[in-house]
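K.L.:
Take a look at this one; I'll ask things after.
Laboratory data are not the source of any read-out in this text; all were calculated from the coordinates shown. On a predicted model such as this, the values are computed, not experimentally measured, just so you know. Neighbour counts run over all protein chains shown; Cβ positions are idealised from the backbone, glycine included.
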Amino acid sequence: MAGVDIRAEGLSKRYRLGHARRHDSLKELLGETLRGRGAFLRSAPGEGELWALRDASFEIRVGEIVGIVGGNGAGKSTLLKILSRVTYPTRGMVDLYGRVSSLLEVGTGFHPELTGRENIFLNSAILGMRLAETRRKFDEIVEFSGVEMFLDTPVKHYSSGMYVRLAFAVAAHLDPEILLVDEVLAVGDAEFQRRCLAKIGEVARGGRTVLIVSHNLSTVQSLCPRVIFLRAGRIEYDGEASSAVHAYLRSIEESSALDISERADRLGMGWTRIADLSVSAAGGAALATGAPACFRFRSEKALPHLSCRFTIYDRVGQAVVTFDSSVRSPADVDEPSLGNELVCELDELPLRPGRYHLDASLYTGPELQDHLEGAAFFEVEPGRMRGRPETAGDDNGSVCVPHRWRQSGRAATWT
């Protein structure tokens, strides 16, 4: 049996609200300073305390790939920060047996005024790579990141995708015994994400240990045989991936049963929030494949440049389709009479029969104002897509695309 790489016992982390606090480590202070948020003392509004993590105990063996899932505020990032020694637990202990490389936030350890080349050496040093080692792997890092043309450009001019490509390239080439990755693969194009996943697989096949925090449940299930599900700072489930994901989806559905105004699991600046939403079919009928459907969102107040983005997921948490009101079409209509409402209308619902849920977000320009996971759950009944019957079936996928056939002779039919 393989040895243990990570052993955690009773890990708990408390943050005091409404009190100035010191950073828990030089690494945390340095990371925030380099991102332009560095104040040695900082305060948070409100009073009391928040337990971001409570009594988390687990062991991870050498060579395991373990996913960590959970809703907003579940304690996922706090756990990885403790494992990375970026912050320290209030209670409990953790033993790490091996060299750790972590990628916790886009741009951590990058100085905006330095070039990509200079930041490779800076970030490598922060992660513990020796200068000679960085020089030896420099060409590999640059090639993997794909930012060769911008290597001597200050990173303040980089897009978020370029930032994360360079940061991941440095972290992945550190040759760690333990690699910790926190939600950074949500940034970047599909090709780079594929390369990142391949690199993570390569690291794991080399007998190294990998922990991944991600909201991409399909990625977690395909990559991680074992998944830890965190809820309100506690380990709710630790075991086989599909069972953990199902437990997580059940918890999201439980949250969606609450009135939206009572939901505290939100992200965003909060200048306005989603006050109400509905998913409906024409004339009060049931939602059905190929039939008209309407997604209606009401914000607490109207703000300039307000937009809505929502993603629909299937029953196993795979993203199916995303709608974004900020991406305009000639068919879009501006109706001042709608006030605080944003309405997305579909002439033909392209979803096959089954159960779905959606995550919804409000933006003002590029600024996220509100985000809700599991904002609504809904069922789609069997229907017809332009006359073609569509029935439920696990092997049929989730999307029904309008199409037609051309063929010679009489079409064969089976009854």
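K.L.:
To the nearest 500 deg cm²/dmol, what mean residue ellipticity at 222 nm is calculated for the chain from DSSP H runs of n ≥ 4 alone, each contributing -39,500 (n - 2.57), summed and divided by the residues?
P.N.:
It lands at -7000 deg cm²/dmol.
K.L.:
Using a Gaussian network model of the chain with C-alpha springs under 10 Å, which one of 162, 269, 129 is most mobile by mean-square fluctuation?
P.N.:
269
K.L.:
What list do you get for 403, 157, 246 if you sort them by fewest beta carbons within 10 Å?
P.N.:
The most exposed by this proxy come first: 403, 157, 246.
K.L.:
Determine, for each peptide in 209-220, 136-147, 165-176, the mean count of other beta carbons within 10 angstrom over its residues, then list the peptides with the highest first.
P.N.:
Going from most to least packed, we get 165-176, 209-220, 136-147.
K.L.:
Which of 195, 61, 328 ends up with the largest GNM mean-square fluctuation for the chain, with Cα atoms connected below 10 Å?
P.N.:
Its mean-square fluctuation being the largest, the pick is 328.
K.L.:
How high is the FRET efficiency from residue 113 to residue 322, r the C-beta distance, R0 35 Å, rounded to 0.05? Don't jump to the answer; show the numbers that get you there.
P.N.:
Working: r = 35 Å, r/R0 = 1.00.
About 0.50, to the nearest 0.05.
K.L.:
Between residue 267 and residue 405, what FRET efficiency follows from the Cβ-Cβ distance if R0 is 51 Å, with the result rounded to 0.05?
P.N.:
Efficiency computed from Cβ-Cβ geometry: 0.65.
K.L.:
Once Rh for the chain is found with the Kirkwood sum over Cα pairs, what is the Stokes-Einstein diffusion coefficient at 37 °C and 0.692 mPa s, in µm²/s?
P.N.:
This corresponds to a translational diffusion coefficient of 138 µm²/s.
K.L.:
I'd like the Karplus ³J(HN,Hα) series for segment 291-303: coefficients 6.51, -1.76, 1.60, θ = phi - 60°, whole numbers in Hz, and an x wherever there's a Gly or Pro.
P.N.:
So the Karplus estimates, Gly and Pro as x, are 8, x, 9, 9, 10, 10, 10, 10, 8, 5, 7, 7, 10 Hz.
K.L.:
Turning to a different aspect of this structure: Have a look at 237, 248, 15 and tell me which one the Gaussian network model of the chain (Cα, springs below 10 Å) gives the largest fluctuation.
P.N.:
15
K.L.:
Relative to the present Cα-Cα distance, how much length would full extension add between residue 332 and residue 278 at 0.36 nm per residue of separation?
P.N.:
Roughly 17.5 nm would be gained on extension.
K.L.:
Would you please put 344-353, 91-100 in order of how densely packed they are, using the mean number of other Cβ atoms within 10 angstrom per residue and starting with the highest?
P.N.:
So the order, starting with the most tightly packed, is 344-353, 91-100.
K.L.:
Quick one: how many lysine pairs does the chain have with C-alpha atoms less than 20 Å apart and a gap of 8 or more or different chains? Give me the count, please.
P.N.:
Close lysine pairs under the 20 Å cut-off: 6.
K.L.:
Please sort 256-264, 68-76, 357-365 by packing, taking for each peptide the average over its residues of neighbouring beta carbons within 10 angstrom, highest first.
P.N.:
Top to bottom by mean Cβ count within 10 Å: 68-76, 357-365, 256-264.
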